[in-house]
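S.K.: For reference, the structure I am asking about is given below.
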Amino acid sequence: MTEAALGGVAARIDELLRERLDASESFFAAEAEPLARLCHRMAERFSRGGTLIAFGRSPAARSDARHVAVEFVHPVIVGKRALPAIGLAGEGGDLEAQLALVAGPDDIAIAFGTDEDGGEAARAIALARSRGCLTIAFSPAGAEWEPIPPSTDPYVRQELIETLYHVLWELVHVFFDHRGLLQGRDERRIHDSGASSFLYPFLGEQDSELEPVVDDVRRSVLMKAQEISELRAQTLTDNREVLVAAARALRASFDHGGRVLALGNGGSATDSMDAVADFRIPPRPSRPEWPPRPALDLCEDAGILTAIANDVGTELIFSRQVIAYGRPGDSLLALSTSGNSRNVIEALAEGRRRNLLTIAMVGYDGGRVASDQLADHVIVTRSEHIPRIQEAQASGYHVLRELVELVGGGPG
């Protein structure tokens with residue numbers, strides 16, 4: 001690329017970052033107190049035995065439904081309890097019909113992609129409300145709670161929504177740690193203490209009135225929003241040259257018939273699902289000129305994953321698929337919050353043996369992936385907080401997706 005062209009790409013990255021920072025500041029300033037009260041309402045539902053039911057029809061909405069479910073069921077922060085959550089997606093059939101089989105009066109229904117599925121998720125929301133569920137959506141769909149991101153960019157919207165449901169997951173636990181604030185089925189106060197209060201320095205005495213706790217949670221929402229804004233800036237600024245080089249190499253791969261294979265574990269698996277959806281299905285109508293790009297999700301097939309894990313071990317669940325699918329000229333996109341996951345490292349090694357372009361997005365200090373230079377392009381998000389890492393990585397792969405269409409193919 002010419003120097004002028006590189007300058008234009010750098011300016012575009014700055015523009016994309018500024019849009020994210022402005023939207024995040026506006027969104028969470030407006031939604032901090034409602035989110036604090038929503039956390040309280042959700043905690044009451046969970047304390048009564050309710051389940052979080054997340055659902056979405058489109059591939060991108062499906063990734064969010066899966067992501068929020070795994071976060072609640074498998075908490076990665078010490079002191080947080082596992083909470084019941086399931087994700088329903090289009091492969092299971094009509095969303096309303098699926099919800100009809102599982103929704104109960106103490107449940108929480110959260111819909112994704114209500115503005116892009118012809119009303120299917122909205123019909124499921126209406127059913128959930130009729131069953132007595134607490135309902136949440138991110139565009140007008142008839143839900144009780146509708147925090148709507150202030151952006152028309154689908155990538156920015158998705159990033160804000162991911163931060164929001166991570167915040168809900170983190171802060172709903174605060175109310176378990178304050179006895180006397182939760183209503184049971186018989187309307188008596190529930191005494192349900194937990195072990196995560198050390199994560200919230202505001203919070204002291206556990207027997208509290210509701211409003212002071214709501215205010216503490218509101219302030220925590222704003223702190224987390226500020227934290228992710230700073231981390232998005234770090235990710236897109238410190239890694240600018242790496243992102244541009246990775247985008248050029250990835251574009252060259254696509255131009256020569258290559259595909260991208262994406263992978264990750266847990267929440268990172270659902271982010272790889274989202275990245276694949278973004279490559280396969282360009283955002284319309286905001287980028288009408290973008291072509292679909294061939295992409296495979298190595299986290300998608302439960303039969304393959306469980307067969308490999310059962311027969312030879314979880315460390316090979318991705319590398320075996322790289323052996324099966326990877327062709328010279330293809331690319332491998334690996335998402336890892338630690339940079340040390342054995343199955344990610346094995347996949348990157350297999351990708352190199354097979355002459356695949358390798359791109360890794362990692363957290364902390366980059367782990368082994370960065371220190372041992374296990375990928376051709378390594379984007380490091382410098383945090384030890386897993387939810388914030390994943391949110392910043394979403395910005396990273398969304399910007400990478402845009403840069404692929406902005407830059408010409410060439411040496412990486």
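S.K.: What is the spin-label model distance, in nm, from residue 97 to residue 73 if the labels are put 7 Å beyond Cα along the C-beta direction?
M.R.: 2.2
S.K.: Quick one: Karplus J couplings for segment 264-276, per residue in order, coefficients 6.51, -1.76, 1.60, θ = phi - 60°, nearest Hz, x for Gly and Pro?
M.R.: Using θ = phi - 60°, the values come out as x, 10, x, x, 5, 5, 6, 5, 5, 4, 5, 4, 5 Hz.
S.K.: Here is a follow-up. Output ³J(HN,Hα) for segment 162-177: one whole-Hz value per residue in order, computed from phi by the Karplus curve 6.51 cos²θ - 1.76 cosθ + 1.60 with θ = phi - 60°, and x for Gly and Pro.
M.R.: Each residue of segment 162-177 in turn: 4, 4, 4, 6, 5, 5, 4, 4, 5, 9, 4, 5, 4, 6, 5, 8 Hz.
S.K.: Grab the Cα-Cα distance for residue 314 and residue 209, subtract it from 0.36 nm times how many residues apart they are, and report the gain in nm with one decimal. Don't skip to the end; give the middle numbers.
M.R.: Working: separation 105, 0.36 × 105 = 37.80 nm, distance 4.67 nm.
Full extension of this stretch gives 33.1 nm more.
S.K.: Long-range amide H contacts for residue 260: which residues qualify at under 5 Å (H placed 1.01 Å from N, peptide plane, sequence gap of 5 or more or a different chain)?
M.R.: Correct list: 295, 296, 331.
S.K.: Rounded to whole Å, give me the distance from the Cα center of segment 38-95 to that of segment 219-289.
M.R.: So the two Cα centres are separated by 23 Å.
S.K.: Same structure again: If you line up the long axis of helix 120-130 against the longest principal axis of the chain, both from Cα atoms, how many degrees apart are they, to the nearest 10?
M.R.: That helix lies at roughly 20 degrees to the long axis.
S.K.: Any idea how far the Cα center of segment 343-412 sits from the one of segment 104-159, in Å?
M.R.: Comparing the Cα centres of segment 343-412 and segment 104-159, I get a distance of 32 Å.
Coordinate-derived values only; no laboratory data. Not measured: the values here are computed from a predicted model. Positions of Cβ are generated from backbone atoms using ideal geometry, with glycine treated the same way; all protein chains shown enter the neighbour counts.
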